[in-house]
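The structure under discussion appears below in the form of structure tokens.
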Amino acid sequence: MKIIIIHYRYYEASGPERYLFNVSKLLKENGHKVIPFSLDFKQNKKSKYSKHFPQPVVDQFHVSQQSNISAKNKLKIIKNSFYNMEVYNNLDNLIKLEKPDIAYILQYGNKLSTSIFDACTVNNIPTVLRLSDFNLLCSKNIFYRDNKICTKCIEGKFSSVKHKCVHDSYMQSFVYYLTQKYNEFRKFEKQIDAIIAPSKFTINQIIKSKQFNNNKFYHVPTFVDKMTTSFSQENNLKTYDLKEGLKLCYFGRIAEDKGIDVLIEAIKLLNSRNLKVSVDVYGDDNNEHSIFLKKIAQNLGVNNIYFKGFISSDEVHSAFKNYHYSVIPSKWYDNMPNSLIESCINGVPAIVSAIGSLDEIIENNNNGFTFEVSNPESLAIKLQYLFEIDEIEYNRLSINVYNWIKMYGDKKTHYNNIINIFRKLNEINN
């Protein structure tokens, strides 16, 4: 098959891009031709198709750069968020040139706009949309606002304006609302032939919206590209030595919704109980929230949490060797985060918030542990229990979590699932 994969950027920045390059590789390994379509950012990986990529209005869309964008370009960004004609024309030309059998759409948002669906429809190309967050319904993509879960946009999208959900701006939130209403008026969702999500929880949340309750949804977990780590079923015994204390890690985005403040408070409780523990936090530690968290730790006298900064995906597996457990204290409905997958691959059991897909994936005392979301005491109790288990019990958890991800994130199963969907839609279309 010829498969065009559409995503608004073609460089690795987070989980969706990692999936983009992994699934492209997987499809090519199985004899399919993959055609990428993206905006032409300077950071993009090289591609012979990049001449078809439309130019972005500005090279980045980060909040910190908003003040540097001219009034003319701001207007153009607003116009393109409703409908990007350049994206439509370039994608239309690429489809006519390459004649793909199907379009696999990852993230598009207001960068590409729903014009991509029109370009596919006019060329009679079936579309499959993969959801890695809640951007179909939520202006912040994560159903999280003011330090708590918020799903008001399911009931009515104007809620995003009331609460200034987009960059804390009434104007930008209103523009988002208008684009959503415009897309709703156009009924673009009828142009989506199938929707894939890595989490059943995500599917259930999206179905609650009347706009998408007639779409066809498929649960296809994120796959593991490589199981080549130091941990394996054949060499599964790990030393559970707590003489130097319990060693924990956090990998991922450092933001309010990730709940690292809850982890800091839980560690303070363990310190007060004279339990030796250390936490290494990996992620961009130069942003505003990271600086805020460091001050919280300092004010609470918690000096055994270390912010290690960002490390590349190539360094992650070797880093996991140094830890007994990983902690994912998310406050939002995390959609099968890569940090959890990577922890499981390395046989490192995870302690996660009992919320969203995390509660769906981790079974308490089988392949990890869960605790009450946003509750430091609940987390502290779970962490304290880890001092009580022995090496046999620890290795049971390690083996279970490794075997679980081998089955749940199996590469061949993922390929078969998506290619069967692609072929079915292609047959219907023809």
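The values are calculated or read from the model by the stated rules, or taken from the named source; none is laboratory data. Since we're looking at a predicted model, the values are computed, not measured. A quick note on method: Cβ atoms are made from the backbone with ideal geometry, for glycine too, and the neighbour counts reach across all protein chains shown. Protein only, heavy atoms only, side chains kept; ligands, DNA and RNA dropped before computing areas. Shrake-Rupley method; radii C 1.70, N 1.55, O 1.52, S 1.80 Å.
Annotations for the structure displayed:
- Long pairs among Lys51/Lys79; Lys79/Lys258; Lys152/Lys295; Lys72/Lys216; Lys190/Lys424, criterion Cα-Cα beyond 29 Å: Lys79/Lys258; Lys152/Lys295; Lys72/Lys216
- Simple spin-label estimate for His219 and Ser313 gives 2.6 nm between the two label positions (7 Å along the Cα-to-Cβ direction from each Cα).
- With both labels modelled 7 Å from their Cα along Cα-to-Cβ, the Asn303 to Arg18 distance reads 3.3 nm.
- Net dipole in debye of the range 114-220 [+1 Lys, Arg Cβ; -1 Asp, Glu Cβ; about Cα centre; nearest 20]: 300
- When GluC sites (Glu not before Pro) are flagged only if DSSP places them in a loop and at most 16 other Cβ atoms lie within 10 Å, the longest unflagged stretch of the chain comes out as 13-233.
- Of the trypsin sites (Lys or Arg not before Pro) in the range 260-312, the ones in a loop by DSSP (not H, G, I, E or B) with at most 12 other beta carbons within 10 Å are Arg273.
- Under a model in which nothing but the beta-carbon of Lys, Arg (+1) and Asp, Glu (-1) is charged, the chain shows a dipole of about 1500 debye around its Cα centre.
- The residues of the chain present an accessible area of 45 Å² per residue when probed at 1.4 Å with all protein chains retained.
- Computed from the Cβ-Cβ distance with R0 of 51 Å, the FRET efficiency linking Gln43 to Asn365 stands at 0.75.
- Potential lengthening between Asn322 and Phe158 on full extension [0.36 nm per residue; Cα-Cα distance subtracted]: 54.3 nm
- A simple packing score, the average count of other Cβ atoms within 10 Å per residue, orders the peptides 105-116, 414-425 as 105-116, 414-425, with the highest score first.
- Neighbours of Leu397, meaning other residues whose beta-carbon lies under 12 angstrom from its beta-carbon, give a summed charge of -2 when Lys and Arg score +1 and Asp and Glu score -1.
- Pairwise label distance in nanometres, Asn135 with Leu242, each label 7 Å out on the Cα-Cβ vector: 4.3
- Candidates Gln205, Leu300, Ser70 compared by Cα position along the dipole of the chain: farthest toward the positive end lies Ser70, with charges placed on Cβ.
- Cα convex hull volume per residue for the range 96-177 (Å³): 106
- At an R0 of 35 angstrom, the distance between the Cβ atoms of Arg253 and Asn124 translates into a FRET efficiency of 0.35.
- When only Cα pairs below 8 angstrom with a gap of at least 6 residues are kept, the chain shows a relative contact order of 13 percent.
- Here's the picture: charge each Lys and Arg Cβ at +1 and each Asp and Glu Cβ at -1 in the range 1-109, and of Leu106, Val34, Val58 the one pushed furthest to the positive end of that dipole is Val58.
- The range 86-162 versus the range 336-398: alpha-carbon centroid distance in Å: 33
- Per-residue packing, averaged as other Cβ atoms within 10 Å, sorts the ranges 120-127, 278-285 into the order 278-285, 120-127, beginning with the highest.
- For the pair Asn89 and Lys148, a Förster radius of 56 Å applied to the C-beta separation gives a FRET efficiency near 0.85, rounded to the nearest 0.05.
- Centre-to-centre, using Cα atoms only, the range 182-198 and the range 21-47 are separated by 23 Å.
- Across the chain, Cα-Cα pairs farther apart than 31 Å form 43% of the total.
- Gyration tensor verdict on the range 175-309 (Cα atoms; rounded if a/c is under 1.5, prolate if a/b is larger than b/c, oblate otherwise): oblate
- Isotropic mean projected area of the C-alpha convex hull, the range 1-96 (nm²): 6.9
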